[in-house]
Structure formats: C-alpha cells, structure tokens
C-alpha cells in the first residue's frame with residue numbers, strides 16, 4: 001500500500017480523528033511501511049531511529065486491532081522510564097476517542113500508584129522489563145490475554161542487560177500473538193532475539209529524514225546538573241545577549257528558572273500556557289521593546305511567536321527530539337541576521353546530543369564554561385562600550401554637569417564613579433565556584449558480565465555513545481561471569497547504573513587521580 005494520507009489505511013474513524021487533532025497530516029516513511037503489515041497481522045522487524053514516527057507506526061494499528069472490553073491485550077517494552085512515559089502518553093492521545101487506555105509501568109514509582117492505574121482496566125501496558133517482571137511475579141499483571149507485543153528500542157534494552165528479563169516475559173505471553181520489534185541498529189543479539197521469538201518477520205527500514213538547519217553558530221557546554229542555573233548565569237554574563245529565548249522542558253521548569261534569574265537581577269519573564277492572552281501579549285510587548293531581555297518558554301508556549309530580533313537561543317533543557325531542536329534554534333538568525341544557539345548538556349545527555357548532530361549533519365562545537373575572570377573582563381568591556389556610545393550622544397546639559405563635577409573632584413574619581421553606576425545597573429555577576437566535572441577515576445560495578453554477552457568493546461562503545469568518553473578516559477575493565485567492574489570518571493558514578501539493568505546499582509571502590517579535561 002502506498003498511503004498518501006492516514007485515511008488510506010482504513011483505520012477506525014476515532015483514530016483518524018485523533019491523528020487530525022494531534023496535527024499529523026501525512027504518514028511518515030516508517031508509518032507507510034509498517035502500518036499495513038501490522039494491520040495484516042504480520043510480525044514486523046523495523047529499523048528506525050527516534051523521531052521517525054515509530055510510536056504511531058505501531059500504536060495506530062495496535063489500537064485499531066485490540067478490543068476495548070477484553071482486558072490487557074497490548075504490551076510495549078521500553079528501555080527507560082522516560083521512554084515508557086512518552087510512549088504511553090502518545091498512545092493515550094491516539095486512543096482518546098476510542099476511550100482506550102495505556103498505562104506506564106516503570107521502576108522508581110511506587111507499586112501502589114501503579115496498582116491503582118492497573119485497576120482502571122487499561123488495554124495497553126507500556127513498561128520497562130525489570131518493573132514489569134516484578135509485577136508479574138507479584139501476580140499484579142497477567143499476560144495470557146496479550147495479542148500484540150512491541151519491543152521498542154530493542155538494541156538499547158539488550159545493551160542495558162535486559163535480555164534475560166525480555167525472554168522470560170515473552171515466554172509468558174501467548175504463543176499465538178503478533179510481535180513487533182523496532183531498533184536503531186540490527187546487531188547480532190537483536191537478530192537472534194527476532195529469530196527466536198518472531199514468526200517470519202517482515203523487515204522494514206527507514207532512515208531519519210534529512211533536516212535543514214539554519215546557518216547559525218551552534219555550541220554546547222557540559223554542565224554539572226547541580227549547578228545548571230549558575231552555569232547559565234555565567235554564560236549570560238559573558239554573552240550579554242540583547243534578546244534571548246531560553247527553552248525549558250516543562251512549565252514548572254520555566255517558572256523556577258524565571259524566579260532564579262529575576263532574583264539575580266536579570267530582566268527575565270516567562271511565557272507559558274497558563275497565561276491569559278492579555279498577559280501573554282503584555283509579556284511579548286515588553287520583550288519586543290527590550291524591557292525584557294530573556295524570555296523563558298516551553299516548546300508548546302513558543303509556538304506561533306512572531307519574533308524577528310532574537311540574537312540567542314539557549315536550550316537550558318536539551319530538546320527531546322531533533323525537530324524540536326531545529327524549531328528552537330530557528331528562532332534566531334532570521335532575516336539574514338547572525339544568531340547563536342547554545343545548549344546546556346548534562347553528562348547523561350551526551351548521547352542525545354550526538355543523535356541530534358547525526359540527524360542534522362552538523363557538528364555542534366563544545367566550549368568550556370567561562371570563568372569568573374572571563375565574566376569580569378567581559379563586564380568591563382561592556383561598560384567601556386556604553387561610555388563610548390554615551391560620549392557620542394552627550395548634550396550640553398550633561399557637559400555642564402561634567403564641568404561642575406570636574407571642578408570639585410579629581411577626574412579619575414568622577415569617571416570611576418560613573419563606571420561603578422553603570423556596573424550596578426546590570427545583574428550581579430555569578431560568582432559561584434562552578435564545580436569541576438569530577439574526573440578522578442572511580443571503580444563502579446554493574447551486574448552484567450560474560451553470561452550477558454558483555455565485553456570490553458561493548459562497554460567502551462556504550463560509554464562513548466552515552467557520555468562521549470574516549471578510550472583513554474576509561475580505566476581498568478574487569479569482566480566476570482555475571483559482574484563487570486569498570487573505572488570511570490567520578491561525575492558518571494550517579495549515571496552509570498542507568499546504562500545497565502541493575503537492582504543493586506553501582507558500587508564505589510576506590511579513586512585515582514586523573515587530570516584530563518578539567519574545567520574551572
């Protein structure tokens with residue numbers, strides 16, 4: 001089938017209505033390939049990256065095929081709780097007019113909260129394998145009614161050590177079922193899993209669409225998550241953007257950041273969905289007039305904003321997908337003007353940034369955070385520029401005042417006092433000691449080893465892809481039967497356990513001094 005519009009798939013009218021409400025106009029390539037095969041009852045092995053529309057590719061036919069009064073029939077397994085929440089949210093949006101319900105089940109949330117959600121009789125479970133298995137063992141979830149199983153980002157789940165859990169779960173699902181697997185790569189372990197648990201799967205592959213990125217200066221800064229606001233302020237002190245648009249992921253994040261910036265003396269205001277139209281218009285008028293220099297917004301709130309003079313776009317929170325990144329940075333550099341796009345990246349977000357780079361086919365330059373000395377030097381330069389500009393516009397009245405002051409005081413003191421007044425007008429410089437990224441090596445233990453297919457190259461690849469670590473930034477790697485110990489920079493200790501399926505997390509054993517990549 002060569003579907004040009006969603007109506008060509010002959011989906012239920014309620015699904016077509018939901019698609020229209022969500023603003024989807026034409027199917028993406030993965031949707032064109034996969035939806036007809038899934039509707040025909042075939043097993044599908046799809047190779048597709050994030051951002052290609054794969055959730056709707058399996059979600060629409062799943063919602064079309066399930067019965068609303070037959071309990072849990074759809075199961076989606078995801079590698080992370082963030083993805084599980086995102087997938088469940090999209091499935092609920094697609095199924096809103098069918099009154100179909102999807103529930104996200106993941107570690108880190110209380111069992112009681114999830115039990116309450118399960119008692120509302122959802123048709124679809126979206127879960128991380130570990131927490132799903134916990135519910136199955138507690139007899140909270142029964143899989144005998146499952147008719148469609150989806151493994152989303154299968155390669156990621158296998159890399160994180162979920163292979164045994166996935167196999168245990170699939171063995172408990174009915175043999176007569178439809179199995180769908182989506183993966184960015186088709187590594188040997190993905191093909192092996194497909195061979196074992198899928199029935200004559202149909203293979204579809206789609207690469208991410210080429211994205212056009214405006215010709216603006218793009219750069220990123222690695223930041224300590226505990227000092228993200230301080231890092232932003234240091235960047236603002238040095239950049240001194242006349243007009244900047246700063247993006248946060250949530251309304252709560254917007255409100256908190258505006259409060260922090262205003263307390264430090266920055267001319268910042270928020271734009272979000274809770275504002276009335278009048279309040280929104282007032283904020284935008286102040287922004288256009290220059291009385292507000294920093295506009296803090298979410299992606300949704302920024303839609304439809306007509307702003308032509310933005311000099312800087314700053315991603316305080318890294319965008320969730322490539323399209324959002326392109327839309328955000330496209331707010332600057334308009335009408336032939338120069339523009340700057342800055343992204344703050346926590347260590348665990350490096351992989352997300354690298355994916356954005358691959359899709360937009362642009363290398364985003366990494367910069368070191370400015371020092372306090374950098375900020376002070378920049379402040380001096382700006383004050384001198386203000387004085388030089390004012391000299392050109394100095395009228396007779398001001399000259400008379402100057403003469404009077406110079407008659408009474410030393411010229412150096414008078415000029416110094418003027419400079420101090422100009423300095424006091426701006427926000428106070430961020431003087432916090434921005435913590436170094438802890439590069440001392442720490443031995444961390446994760447519960448995967450040779451029996452789970454782990455080897456040194458896979459560990460190095462995982463660390464490189466997720467955190468941008470080079471081989472010489474990793475210490476000793478000792479791989480045991482079911483355990484692996486790897487020496488990594490200290491700043492990654494809190495992040496490493498998330499890469500591998502683990503009930504015990506990491507274990508700090510010892511520290512070694514390592515001087516690479518230090519920042520001040």
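The values are calculated or read from the model by the stated rules, or taken from the named source; none is laboratory data. Everything quoted here is computed from the prediction, not taken from an experiment. Quick reminder, even Gly has a Cβ in these numbers, built from the backbone with ideal geometry, and neighbours come from all protein chains shown.
Counting only residues that are out of contact with any strand residue (DSSP E or B) (no Cβ under 7 Å at 6 or more places or on another chain) and either over 13 Å from residue 172 (Cα atoms) or surrounded by 18 or more Cβ atoms within 10 Å (Cβ to Cβ) (or both), the range 129-142 holds 5 of them. Check whether at least one residue in the range 488-498 is surrounded by 20 or more Cβ atoms within 10 Å (Cβ to Cβ), modelled with pLDDT of 75 or more and within 30 Å of residue 260 (Cβ to Cβ), and report yes or no. Yes; the residues of the range 488-498 include at least one that is surrounded by 20 or more Cβ atoms within 10 Å (Cβ to Cβ), modelled with pLDDT of 75 or more and within 30 Å of residue 260 (Cβ to Cβ).
The sole residue among 349, 377, 365 that is over 30 Å from residue 273 (Cα atoms), modelled with pLDDT of 80 or more and either crowded, with 17+ Cβ neighbours inside 10 Å or in contact with a strand residue (DSSP E or B) (Cβ under 8 Å, 6 or more places away or on another chain) (or both) is 365.
Going through (1) touching a residue at least 40 places away in the same chain (Cβ under 8 Å); (2) more than 27 Å from residue 26 (Cα to Cα); (3) touching a strand residue (DSSP E or B) at 6+ places or on another chain (Cβ under 7 Å) one by one, residue 118 falls short only on (1). Summed over the range 355-378, the residues that are free of Cβ contacts under 8 Å to residues at least 60 places away in the same chain and over 16 Å from residue 323 (Cβ atoms) give a count of 4.
Scanning the range 323-346 for residues that are over 22 Å from residue 300 (Cβ atoms), surrounded by 18 or more Cβ atoms within 10 Å (Cβ to Cβ) and out of contact with any helix residue (DSSP H, G or I) (no Cβ under 9 Å at 6 or more places or on another chain) yields a single hit, 333.
Annotation: of all residues in the range 114-133 being in a loop (DSSP other than H, G, I, E, B) and on the phi < 0 side of the Ramachandran plot, the one that is nearest to the chain's Cα centre (by Cα) is 128.
Within the range 7-17, the set of residues being in contact (Cβ under 8 Å) with a residue 40 or more places away in the chain and within 20 Å of residue 180 (Cβ to Cβ) comprises 9, 11, 12, 15. Restricted to helices (runs of 4 or more DSSP H) entirely inside the range 263-335, those with at least 2 residues that are free of Cβ contacts under 8 Å to residues at least 12 places away in the same chain are 277-289. On the basis of being out of contact with any strand residue (DSSP E or B) (no Cβ under 8 Å at 6 or more places or on another chain) and closer than 19 Å to residue 43 by Cβ, does residue 167 make the cut? When the stated conditions are applied, residue 167 passes them.
Only a single item in (1) under 24 Å from the mean Cα position of the chain (by Cα); (2) more than 25 Å from residue 454 (Cα to Cα); (3) touching a residue at least 60 places away in the same chain (Cβ under 8 Å) is not met by residue 159, and it is number (2). Please enumerate the residues belonging to the range 178-200 that are closer than 22 Å to residue 143 by Cα, buried (at least 18 other Cβ atoms within 10 Å of the Cβ) and either in contact with a strand residue (DSSP E or B) (Cβ under 7 Å, 6 or more places away or on another chain) or free of Cβ contacts under 8 Å to residues at least 24 places away in the same chain (or both). Passing the criteria: 178, 179, 180, 181, 182, 194, 197, 198. Filtered by the rule that a residue be free of Cβ contacts under 8 Å to residues at least 40 places away in the same chain, surrounded by 17 or more Cβ atoms within 10 Å (Cβ to Cβ) and assigned to a helix (DSSP H, G or I), the range 20-38 gives 31, 32, 35, 36. Taking the range 94-113 as the range and being touching a helix residue (DSSP H, G or I) at 6+ places or on another chain (Cβ under 7 Å) and assigned to a helix (DSSP H, G or I) as the test, the residues that pass are 94, 96, 97, 98.
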